[in-house]
Amino acid sequence: MRPVGIITDQRFLEHEYAGHPERPERLAAIIESLEAGGLLARMQPLSVRDVTDEELLRVHEPALVAAVRATAADGGGWLDADTYVNETSDKIAVMAAGAVVTALDAVISGEVGQAFAAVRPPGHHATPSTPMGFCLFNNVAVAAAAALAQGVERVAIVDWDVHHGNGTQEIFIDEPRVLYVSSHVSPFYPGTGHFSETGSGDAEGTTINIPLPSGSGDRAFADAYEQVVIPALRRFRPEIILVSSGWDAHVRDPLAPLALSTAGYSHIAGLVLDEAKVLCDGRVVASLEGGYDTHALAHCAANLCRLMLGDAAQPDPEDPPPEAEPDISGLLMSVREAVGLA
């Protein structure tokens, strides 16, 4: 069994604005949990490097990169009502994107079998032209584009963040070599991700959205992944799977209205990792996106790494009992019909 990679850096804690929910404590809680559980010592550390301008410009317009750098050079400021930049955020964001590409390279080369990129700021809302939703550069999209540039023919992105990854979708909406599958709450920020958004041109059917109603929890997510995500992966047959791993669909999260437990998150992670073993020799890179409750982040990240290491997920003693959930059977049928999985 190949080692499992971990890539992170204390410098990711320097991206900070007092009182903002996308705060350094998020990453600190994850690393503390991995250390306390003995997981970090069992994973192979990978060295962070800066992303290159060439890599960034495969998915972003020059004006976006310039805006982030200019705002940092001016001492920081706000790119929109939610998205801050301090005097070092441009450098930290360059490192974050570079870290996810490094993890990708290590998996593609076989240095490691899978990898977790514990990075910030997050990325999946950043569009080709606009940083938004706490995101400066789209880390996972940069890595997917790097994979294509290296000759990988089919890249799948699974996004289990509570918010729709509008940036990732926009970047790859007409790219048939990239499958983008997102489970998210609707209606909610950023307002995109209807199941009728399925890709364009030759990429029709390679964008798959599962817009879940408020209150969806473990049962709904299990159904969504078993009936849509896994069949979509089997049909596409990716050579590598990238995961936009936001843990803000967790019931404890203060910013979102879904009810997924730690056990529920671990279940869908296990489904994706098990399918990767069949489809692409286990090649998976997961990158941190959202999640704003440090307890949930710590437990979900630890279980993801346990599963990557071949261990069983551990129960979270603070997981709540299951509650009544909305019936999503009609929604899932609509999603399957929209992308030809029915």
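Can you name every residue in the stretch 241-259 that is out of contact with any Cys (no Cβ under 9 Å at 6 or more places or on another chain), among the hydrophobic types (A, V, I, L, M, F, W, C) and either without any contact (Cβ under 8 Å) to a residue 40 or more places away in the chain or outside any loop (DSSP other than H, G, I, E, B) (or both)?
Scanning the stretch 241-259 gives L242, V243, A259.
Applying the selection to the stretch 139-167, what residues are under 22 Å from T8 (Cα atoms) and among the β-branched types (V, I, T)?
Once the filter is applied, which keeps residues that are under 22 Å from T8 (Cα atoms) and among the β-branched types (V, I, T), the stretch 139-167 yields V140, V142, I157, V158.
Where residues in the stretch 287-304 are out of contact with any helix residue (DSSP H, G or I) (no Cβ under 6 Å at 6 or more places or on another chain) and not in a loop (DSSP other than H, G, I, E, B), which of them is nearest to R252 (Cα to Cα)?
Result: A296.
Among the residues of the stretch 18-48, what is the count of those that are over 19 Å from the mean Cα position of the chain (by Cα), surrounded by 15 or more Cβ atoms within 10 Å (Cβ to Cβ) and within 28 Å of W78 (Cβ to Cβ)?
Result for the stretch 18-48: 0.
Conditions: (1) surrounded by fewer than 24 Cβ atoms within 10 Å (Cβ to Cβ); (2) under 22 Å from R252 (Cα atoms); (3) not β-branched (V, I, T). H164 meets all but one. Number of the miss?
(1)
For residues that are farther than 19 Å from L64 by Cβ and touching a residue at least 40 places away in the same chain (Cβ under 8 Å), scanning just the stretch 164-181, find the one that is farthest from the chain's Cα centre (by Cα).
Going through the qualifying residues, I end up with L179.
Quick check on my filter: what residues within the stretch 260-281 are in a loop (DSSP other than H, G, I, E, B) and over 17 Å from N303 (Cβ atoms)? Break it down into steps so the answer makes sense when it comes.
Initial filter on the stretch 260-281 (in a loop (DSSP other than H, G, I, E, B)): 261, 281.
D281 - this is the single residue of the stretch 260-281 that is in a loop (DSSP other than H, G, I, E, B) and over 17 Å from N303 (Cβ atoms).
Just checking, how many residues over the stretch 293-326 are surrounded by fewer than 21 Cβ atoms within 10 Å (Cβ to Cβ) and among the small types (G, A, S)?
4
Going through the stretch 162-194 one residue at a time, which ones are under 19 Å from R234 (Cα atoms) and either at pLDDT below 95 or assigned to a loop (DSSP other than H, G, I, E, B) (or both)?
Residues satisfying the conditions are E175, P176, R177.
Looking at V100, V94, V51, which one is assigned to a helix (DSSP H, G or I), of a type outside the set (S, T, Y) and more than 14 Å from the chain's Cα centre (by Cα)? Give the derivation first.
Details: V100 fails: more than 14 Å from the chain's Cα centre (by Cα); V51 fails: assigned to a helix (DSSP H, G or I).
From the options V100, V94, V51, the qualifying one is V94.
I'm trying to understand the selection: among the residues of the stretch 327-339, which are surrounded by 14 or more Cβ atoms within 10 Å (Cβ to Cβ) and either in contact with a helix residue (DSSP H, G or I) (Cβ under 7 Å, 6 or more places away or on another chain) or outside any helix (DSSP H, G or I) (or both)?
I328, L332, V335, R336, V339
Okay, residues lined up against (1) of a type in the set (D, E); (2) more than 20 Å from V185 (Cβ to Cβ); (3) surrounded by fewer than 24 Cβ atoms within 10 Å (Cβ to Cβ):
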site: P238; (1), (2), (3): no, yes, no
site: L260; (1), (2), (3): no, no, no
site: A263; (1), (2), (3): no, no, yes
site: G270; (1), (2), (3): no, yes, yes
site: V278; (1), (2), (3): no, yes, yes
site: D281; (1), (2), (3): yes, yes, yes
site: G291; (1), (2), (3): no, no, no
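The values are calculated or read from the model by the stated rules, or taken from the named source; none is laboratory data. On a predicted model such as this, the values are computed, not experimentally measured, just so you know. As a convention, Cβ positions derive from the backbone with ideal geometry for all residues, glycine included, and neighbour counts pool all protein chains shown.
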